[in-house]
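Asker: Take a look at this one; I'll ask things after.
The values are calculated or read from the model by the stated rules, or taken from the named source; none is laboratory data. What you are looking at is a predicted structure, and each value in this text was computed from that prediction instead of being measured. Using ideal geometry, Cβ is built from the backbone for each residue, glycine included, and neighbour counts are taken over all protein chains shown. Calculation scope for accessible area: heavy atoms of the full protein, side chains included, ligands and nucleic acids excluded. Shrake-Rupley method; radii C 1.70, N 1.55, O 1.52, S 1.80 Å.
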Amino acid sequence: MLNKITAFIERHRLLRHDGGKYIVALSGGADSVALLLVLKQLGYDVEAAHCNFRLRGEESDRDEQFVKALCLQNKVHLHIIHFDTKAYAELHQVSIEMAARELRYRYFEQLRQDIGAEDVCVAHHQDDAVETLLMNLVRGTGIHGLTGIRPRNGHIVRPLLGISRAEIVSFLDNLHQPYVTDSSNLVPDVVRNKIRLEVLPLLHTINPAASENIAKTAQRMAEAEKVFNASVASFLASVTSTIDTADLLKQPSPEYLLYELLTPLGFTPSQVEQTFEALTGPSGRTFQSPTHEVVIDRGRLVVEKRQEPLPTLRIPEPGTYCYHDDRKFRITLSDDVVVSRESACATLDADKVDFPLIVRPVQAGDRFHPFGMKGTRLVSDYLTDLKYTIFEKRRQLVVCDAHDQILWLVDLRTDQRFAIDGTTRRMMKIEH
């Protein structure tokens with residue numbers, strides 16, 4: 001077993017002997033006890049850390065006393081911390097299991113930095129990796145969830161992933177080394193326990209090598225994932241906020257690429273599936289996550305961060321007024337009538353306009369008479385002809401008069417009804 005662990009450590013470059021110090025997460029159970037003794041036998045410089053979560057009463061105190069005696073016997077420096085796990089879970093509104101996990105790993109990282117340790121060694125083994133794969137499979141997962149547990153995750157390393165729980169117990173029995181048992185692990189009340197105590201034993205009746213074969217499959221998936229990730233990364237590197245759906249659909253696995261693109265933005269797998277189905281449908285379908293929104297728009301998939309609706313600005317008289325995001329609107333009246341050709345400036349017949357003016361985003365049903373064109377048009381249709389996306393339409397501003405008649409589709413076009421003509425005596429200039 002020591003040879004297998006040594007080979008695993010070397011293959012994944014987990015630990016080094018030349019001066020590196022490591023922390024062993026020591027619960028007192030068989031796995032962590034074996035990890036501590038194995039690393040000591042292999043000559044690594046280790047210290048131990050024990051977390052008392054105060055969840056199992058006398059049993060938690062028993063575990064603490066056991067690890068104290070074990071470390072004293074093996075001349076290993078021990079760090080102990082106590083947590084009020086239930087209070088933390090209530091305060092942060094998370095499960096007890098999640099609270100313990102957050103507290104544990106936060107403490108390990110702080111301790112690692114305090115004592116100058118290289119990494120924290122935890123005692124996950126092959127059976128744990130198998131259980132994790134099955135849990136992810138039952139929940140529904142992508143390729144990443146089928147790779148089991150990684151040998152390294154940042155400063156967390158797992159030297160025992162290459163051996164089974166049975167090998168660990170056999171190792172301790174040969175040393176006549178006692179360990180403690182967490183009674184909560186013996187009750188099939190949570191998903192992991194049900195898989196460990198009920199599902200895996202059933203699989204072993206079908207094939208005694210079930211766990212080993214599943215672990216090998218996870219290793220192959222991990223290698224395949226590297227190739228897959230490289231391909232995905234190459235595609236995502238070329239992605240902007242607007243994606244040509246035809247180009248996406250040409251990819252070997254467009255739906256999974258869409259999954260990789262959208263799930264980091266908060267979209268659920270079901271939303272990704274719906275978005276993929278909508279790619280070949282009519283334009284206008286939108287999907288929202290807590291932080292982002294995606295729209296299918298004329299052969300394009302457009303993704304943007306969700307934004308608050310733009311405000312309304314009331315302008316009672318000529319002057320300079322601040323709008324959203326440091327934008328300004330400047331209204332001036334002049335007897336000098338000169339038509340502006342600049343997009344950021346509108347020149348109108350002042351005698352046709354009644355104050356107060358209103359600056360606001362486009363609303364459903366807005367209609368105006370575009371300058372130089374015959375008749376009125378819906379603003380939404382006008383913007384559609386300009387190939388505006390739904391996001392661009394939402395950001396489009398209009399300036400209206402006191403009667404909510406559109407004077408200017410900002411930066412695009414003024415309204416013919418308020419245009420300067422041969423009878424104009426005073427000019428209104430709107431700049432921004």
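Asker: Over all alpha-carbon pairs of region 97-171, lay out the pair-distance distribution in 10 Å bins, whole %, shortest bin first.
Answerer: 17, 39, 36, 8, 0
Asker: 7 Å from Cα along Cα→Cβ at both Leu72 and Gln307: what's the point-to-point distance in nm?
Answerer: 6.7 nm
Asker: I've got another one for you. Taking a cut-off of 15 Å between Cα atoms, list the aspartates and glutamates near Lys226, but don't count ones fewer than 8 places away on the same chain.
Answerer: Correct list for Lys226: Glu260.
Asker: Quick check: Cα centre of region 105-177 to Cα centre of region 229-253, how many Å?
Answerer: One Cα centre to the other: 34 Å.
Asker: Okay, helix-only estimate at 222 nm for the chain: each DSSP H run of n ≥ 4 adds -39500 (n - 2.57), divide by all residues, round to 500 deg cm²/dmol; what do you get? Present the calculation step by step, with values, prior to reporting the outcome.
Answerer: Numbers: 15 runs with 168 residues, N = 432.
The helix-only estimate for the chain comes to -12000 deg cm²/dmol at 222 nm.
Asker: Scale the Cα Rg of region 335-432 by the rule-of-thumb value 2.2 N^0.38 Å and send over the ratio, two decimals. Walk me through the numbers on the way to the answer.
Answerer: Values: Rg = 13.1 Å, N = 98, 2.2 N^0.38 = 12.6 Å.
Taking the Cα Rg and dividing by 2.2 N^0.38 Å, one obtains 1.04.
Asker: Rounded if a/c is under 1.5, else prolate if a/b is larger than b/c, else oblate: which is region 29-107, with a ≥ b ≥ c the root eigenvalues of its Cα gyration tensor?
Answerer: On the way: a/c = 2.72, a/b = 1.96, b/c = 1.39.
Judged from the Cα gyration tensor, region 29-107 comes out prolate (a/c at least 1.5, a/b above b/c).
Asker: Could you name the lysines in cross-link range of Lys328, using Cα to Cα under 29 Å and dropping any fewer than eight places away on the same chain?
Answerer: Within the straight-line limit of under 29 Å, Lys328 reaches these lysines: Lys305, Lys352, Lys387, Lys393, Lys429.
Asker: Quick one: Kirkwood hydrodynamic radius for region 1-159, alpha-carbon pairs, angstrom, one decimal?
Answerer: Values: mean 1/r = 0.0596 Å⁻¹.
It is 16.8 Å.
Asker: A further question on this structure: Leaving out ligands, DNA and RNA, what percent of the accessible area of the chain is carbon and sulfur, probe 1.4 Å?
Answerer: Numbers: 11820 of 23120 Å².
Carbon plus sulfur share of accessible area: 51 percent.
Asker: Something else now. Could you tell me the calculated FRET efficiency between Asp244 and Met98, based on Cβ-Cβ distance and R0 = 41 angstrom, to the nearest 0.05? Don't skip to the answer; put the middle values down first.
Answerer: Numbers: r = 41 Å, r/R0 = 0.99.
According to the calculation, E is roughly 0.50.
Asker: Hey, another quick one. Eigenvalues of the Cα gyration tensor times 5, then square-rooted: what semi-axes does that give for region 57-144, in whole angstrom, largest first? Please list the in-between numbers first.
Answerer: Details: eigenvalues 147, 74, 49 Å².
The three semi-axes for region 57-144 are 27, 19, 16 Å.
Asker: Once the Cα gyration tensor of the chain is diagonalised, what are the square roots of 5 times its eigenvalues, in whole Å and ordered largest first, as equivalent ellipsoid semi-axes? Spell out each step's value before the answer.
Answerer: Numbers: eigenvalues 896, 129, 69 Å².
One finds semi-axes of 67, 25, 19 Å for the chain.
Asker: Along the positive direction of the dipole of the chain (beta-carbon charges: Lys, Arg +1; Asp, Glu -1; about the Cα centre), which of Gly29, Ile96, Thr275 reaches farthest?
Answerer: Thr275
Asker: Hey, another quick one. Once you wrap a convex hull around the alpha carbon atoms of region 206-347, what is its projected area averaged over all directions, in nm²?
Answerer: Details: hull surface 59.2 nm².
The number I arrive at for region 206-347 is 14.8 nm².
Asker: Which of these, Val359, Val157, Val294, has the largest mean-square fluctuation under a Gaussian network model of the chain (Cα springs below 10 Å)?
Answerer: Val359
Asker: Where Rh is the Kirkwood radius over the Cα pairs of region 373-421, the temperature 37 °C and the viscosity 0.692 mPa s, what D in µm²/s does Stokes-Einstein return?
Answerer: On the way: Rh = 11.7 Å.
For the chosen part, D equals 281 µm²/s.
Asker: Here's a follow-up. Can you give me the C-alpha center-to-center distance between region 25-70 and region 356-381, rounded to a whole angstrom?
Answerer: 73 Å
Asker: When only alpha-carbon atoms count, how far does region 278-351 stretch along each of its three principal axes, as whole angstroms with the largest first?
Answerer: 55, 25, 18
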